[in-house]
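Below is one structure, written out as structure tokens; comments come after it.
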Amino acid sequence: GRCRRKAGRYDDALSYTERAENLALERGYTPMAAIMQATLSWLAFQRGKLDDAVAILRRAEEALNQTDDFLSRGNIQSAYGRIARRQGRYERAVEYFERAIGEYRTSGGGQLQLARALQNLAFVRRLLALQAHKELDRLAASRRGSREGAAEGSDLARERRLRIDAMRAQSRDHLEEAMQIYARRQNHRGIAGVHINGGFLYLDSGDLERAALEAAEAFAHGSEKSDYIVMARARTLQCIVENAAIEEQVGDASLHHDAAETFARDAVRFASQTQNRRLLARAHVWQGI
């Protein structure tokens, strides 16, 4: 089941994991079944069944709360975080990921799980920074033409810019710690994920050149292992960067357009090799754009 899940074959993974859960429950191994339930929740999450995912997680959490299996407990908190993120409850997602990180550090092991939680936390803090930036733009637009409003807004804007910079700095710190863990273990998917998240951070701050380099590095790591999920994510980011270059009128627009189109076509092709619907949908959206 885990092998199928890592390959993005979620329907196949579901049938194997359900069989594992049933075998554990038949023998009264409730904590063992809870570990399978955490995976079942993740698979429900991937299929967009968020209510089902939460219900399964609660069963698993109840079974594991009285144990010292901090690794599995961390996995459950991390799963709650991903669900909250998908629902747009970013502050709540931060709380869950921080709890997961605490559980992983307590366990003394689970370094890859710790790195994944750090990466997820970095991603959510980036989303919070984007949200704050949009709010700052709205504030500036509403105060234009008013001297009093401009004076009052400048102090507030400065404070919010500092907060945005702090959130992005935190994201980079989380990614740096995650990269150290992944690099020691030569985990290609984790390393690629850090590069992709780093690329989006550079994209947010307008550094298209470095964003493109991060995306290319991520694709190289995915290509080495024929990891279609990583390759699709990296190509989608490369498409987004090329599209941003067109909008910002950087360089030759026709070259950027051709590159964006090629990257989007590749992203659709790679995502089609998986059962990750959101990944494929995102690739199609950017191909359409």
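The values are calculated or read from the model by the stated rules, or taken from the named source; none is laboratory data. Values in this document were obtained by computation on a predicted structure and should not be read as measured data. Here the Cβ positions follow ideal geometry from the backbone for every residue, glycine too, while neighbour counts run over all protein chains shown. To get the accessible areas, we keep the full protein, side chains included, count just its heavy atoms, and leave off ligands, DNA and RNA. Shrake-Rupley method; radii C 1.70, N 1.55, O 1.52, S 1.80 Å.
What you get for the chain, charging only the Cβ of Lys and Arg (+1) and of Asp and Glu (-1), is a dipole of about 640 debye around the Cα centre. Rounded, prolate or oblate for the range 74-149? Axes are the square roots of the Cα gyration tensor eigenvalues, ordered a ≥ b ≥ c, and the cut-off for rounded is a/c under 1.5. Prolate is the answer for the range 74-149, as a/c is 1.5 or above and a/b outweighs b/c. Keeping the other protein chains in place, figure out the carbon and sulfur percent of the accessible area of the chain, with a 1.4 Å probe. Looking at the chain in its full context, I get 47 percent from C and S.
Relative contact order of the chain: what whole-number percent is it, with Cα pairs under 8 angstrom and at least 6 residues apart?
Result for the chain is 13 percent.
Among Q87, A20, I101, which residue has its Cα positioned farthest towards the positive end of the charge dipole of the range 1-102, with +1 placed on the Cβ of Lys and Arg, -1 on the Cβ of Asp and Glu, and the dipole taken about the Cα centre? Value computed over the given set: Q87. Counting only DSSP H runs of at least 4 residues, each contributing -39500 (n - 2.57), and dividing by the residue count of the chain, the helix-based mean residue ellipticity at 222 nm comes to -29000 deg cm²/dmol. Just round it to a whole percent: the fraction of Cα-Cα distances in the range 1-51 exceeding 18 Å. I get 28 percent for the Cα pairs in the range 1-51 exceeding 18 Å. For K134, the solvent-accessible surface computed with a 1.4 Å probe is close to 130 Å², ligands and nucleic acids excluded. Here's the picture: charge each Lys and Arg Cβ at +1 and each Asp and Glu Cβ at -1 in the range 187-289, and of F270, Q287, L237 the one pushed furthest to the positive end of that dipole is F270. Mind sorting out which of [x] 35, 25, 17; [y] 30, 23, 17; [z] 38, 29, 23 is the real semi-axes √(5λ) of the Cα gyration tensor in Å computed from the coordinates? Recomputing semi-axes √(5λ) of the Cα gyration tensor in Å here picks out [x]. Once you order the gyration tensor axes a ≥ b ≥ c over the Cα atoms, which shape class does the range 27-165 get: rounded for a/c under 1.5, otherwise prolate or oblate by comparing a/b with b/c? Note, shape of the range 27-165 comes out prolate. Just need the relative contact order of the range 1-147 here, percent rounded to a whole number, with Cα pairs under 8 Å and 6+ apart. With pairs under 8 Å counted, the relative contact order is 14 percent. Summing +1 for each Lys or Arg and -1 for each Asp or Glu, what net charge is found among the other residues whose Cβ lies under 9 Å from the Cβ of A129? Neighbour charge sum, excluding A129 itself: +2.
For T274, no residue 5 or more places off, or on another chain, has a built amide H under 5 Å of its own. Taking the Cα centre of the range 125-274 as reference, the dipole from Cβ charges on Lys and Arg (+1) and Asp and Glu (-1) amounts to some 560 debye. According to the square roots a ≥ b ≥ c of the eigenvalues of the Cα gyration tensor, what is the shape class of the range 169-284, taking rounded for a/c under 1.5, prolate for a/b larger than b/c otherwise, and oblate for the remainder? It comes out oblate by the Cα gyration axes.
Along the charge dipole of the range 1-134, pointing to its positive end and built from +1/-1 on Cβ of Lys, Arg, Asp and Glu, which listed residue (L57, A129, M36) has its Cα farthest out? Looking along the dipole axis, the top candidate is A129. Long hydrophobic helices in the chain: the complete DSSP H runs spanning 15 Å or more by Cα along their own axis with mean Kyte-Doolittle hydropathy of at least 0.5 are 30-46, 228-247.
Spin-label model, D155 to R86: label points 7 Å out along the Cα-to-beta-carbon direction sit 4.4 nm apart.
When L127, L43, L255 are compared by accessible area of protein heavy atoms, the largest-first order is L255, L127, L43, using a 1.4 Å probe. If you plug the beta carbon distance of E26 and V250 into 1/(1 + (r/R0)^6) with R0 = 51 Å, you get a FRET efficiency near 0.25.
A Förster distance of 41 Å, applied to the separation of the beta-carbon atoms of R265 and D165, puts the FRET efficiency at 0.65.
Accessible area per residue for the chain, computed on protein heavy atoms with a 1.4 Å probe, is 53 Å².
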